[in-house]
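The values are calculated or read from the model by the stated rules, or taken from the named source; none is laboratory data. Nothing here was measured: the structure is a model prediction, and the numbers come from that model. Please note: Cβ atoms are built from the backbone with ideal geometry, for glycine as well, and neighbour counts cover all protein chains shown. What goes into the accessible areas is simple: the full protein's heavy atoms, side chains included, and nothing from ligands, DNA or RNA. Shrake-Rupley method; radii C 1.70, N 1.55, O 1.52, S 1.80 Å.
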Amino acid sequence: NTNDINLYDDAMILYSNDIYETFNANTDPSFIVKNGRELAVLKTGKYKFYCGKHKNKYNALRAYPEGVVLPCTRNGKDSTCRFINIHKGGMTPSSAGVTWSEGCPSIPSNQWRDFIETVYRIMRYKGLKTVDFLLIDNDEMLKIIQN
């Protein structure tokens, strides 16, 4: 019943008329504060993402439009953030930054390839330029399911 950081305790669900797949995920930063800077926790809501590179290195999903300002919290205080990507995280539980996130949703490295290839394939097949990302917390999901 708590929102833990640096753990894959969230779920990423790919859902459309053609597919239903689940992946482990993290939607919190690896640390609350890093180098004196409070890190972002994206607020629940619906966001658009497009195909792009994470740090110009590998295929990921980037918030659309590029540079869009998104609502978040920083150490429990309302704030905003930019340049949020859905990207590959780490996998080694003993490392200091398991999820490799400064506030971006991340997928464990051992599931990343399946996740991103599936998303890109669906987007190409359907001719989509963006994909919706719905971030809801457990309490909200329970309300949806119960209604």
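Say whether the condition of being over 20 Å from Asp9 (Cα atoms) and without any contact (Cβ under 8 Å) to a residue 24 or more places away in the chain is met by at least one residue in the range 43-50. No, every residue in the range 43-50 fails to be over 20 Å from Asp9 (Cα atoms) and without any contact (Cβ under 8 Å) to a residue 24 or more places away in the chain.
The residue of the range 103-147 that is surrounded by the most Cβ atoms within 10 Å (Cβ to Cβ), among those that are assigned to a loop (DSSP other than H, G, I, E, B) and either modelled with pLDDT of 90 or more or in contact with a Cys (Cβ under 8 Å, 6 or more places away or on another chain) (or both), is Cys104.
Condition check for Glu66 on (1) assigned to a loop (DSSP other than H, G, I, E, B); (2) of a type in the set (Asp, Glu); (3) open to solvent by 60 Å² or more (accessible area, probe 1.4 Å); (4) touching a residue at least 24 places away in the same chain (Cβ under 8 Å): one failure, at (4). Against the conditions (1) in a strand (DSSP E or B); (2) under 13 Å from the mean Cα position of the chain (by Cα), Thr80 satisfies every one except (2). Output the residues belonging to the range 6-38 that are surrounded by fewer than 17 Cβ atoms within 10 Å (Cβ to Cβ), among the hydrophobic types (A, V, I, L, M, F, W, C) and part of a loop (DSSP other than H, G, I, E, B). Correct list: Leu7, Ile19, Ile32.
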